Amino acid sequence: MIANYITISILIISLTAVTFSRNSIWENDLSVWGNVAAQSAINERAYNNLGLAYERTGDYSSAIKCYLAAINVAPGSAKSFFNLSAAYESIGSSDLAIKYLKVGLQLKPDDAKAHYLMGETLQTRGNIDGAIEEFKLALHNNDALAIAHEGIAISYLTKGLTDKAIQHFTIAITIDPGLARSHYYLEYVSR
């Protein structure tokens, strides 16, 4: 009888220790997705989510390594290329950002947000005509993408096309009233 109690007590203590050990994995996104990636080296989603977790901590170098691993596992994944592009843009490597964004767009040419990101990148680099074309493609694929309306409006304003800018700023804040930049520019050009 006492032997049964001792056996049950040892079993309970062992299972409790295992539970506490496993719970540490759920501490944060880095530990969760790091564990998933370690358990399954061919899990593209795990590498992408681990990369996003690294980006949230500001560790872009590790994020880039994760996205490259995701691409190695699934070279046809547009999402991995888009994530890699965004990480490179975050560290100021616009040439690499554009390179990988183009690859992602070849894989998924109808991705409105990717066209928007390409437009933003081109706009930042001073290629206003290229930016306008990308914003148009974004809006062709999703005419309710408020940030694309805002982006094209800023490009039009840069080119001196105030009427077109006002039209798109107005659409942008109709879709998303929280776009402070659109409100600011709309007030600015309406003076």
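The values are calculated or read from the model by the stated rules, or taken from the named source; none is laboratory data. Just so it is clear, the model here is predicted, and its values are computed rather than measured. We place every Cβ from the backbone using ideal geometry, glycine too, and count neighbours over all the protein chains shown. All accessible areas refer to the heavy atoms of the entire protein, side chains included, with ligands and DNA or RNA removed. Shrake-Rupley method; radii C 1.70, N 1.55, O 1.52, S 1.80 Å.
For the reader, a short list of remarks on this structure follows.
- Candidate residues Ile42, Ile128: accessible-area rank, largest first, probe 1.4 Å: Ile42, Ile128
- Given a 1.4 Å probe and the protein chains as shown, Val36 ends up with an accessible area of around 50 Å².
- Ranked by the mean number of other Cβ atoms within 10 Å of their residues, highest first, the peptides 83-89, 184-190 come out as 83-89, 184-190.
- Per residue of the chain, the DSSP helices (runs of n ≥ 4 H) give a summed -39500 (n - 2.57) that works out to -25500 deg cm²/dmol at 222 nm.
- Within the range 85-133, the trypsin sites (Lys or Arg not before Pro) that combine a DSSP coil assignment with at most 16 other C-beta atoms in a 10 angstrom radius are Arg125.
- Cα gyration tensor shape for the range 91-143, rounded if a/c is under 1.5, else prolate or oblate: oblate
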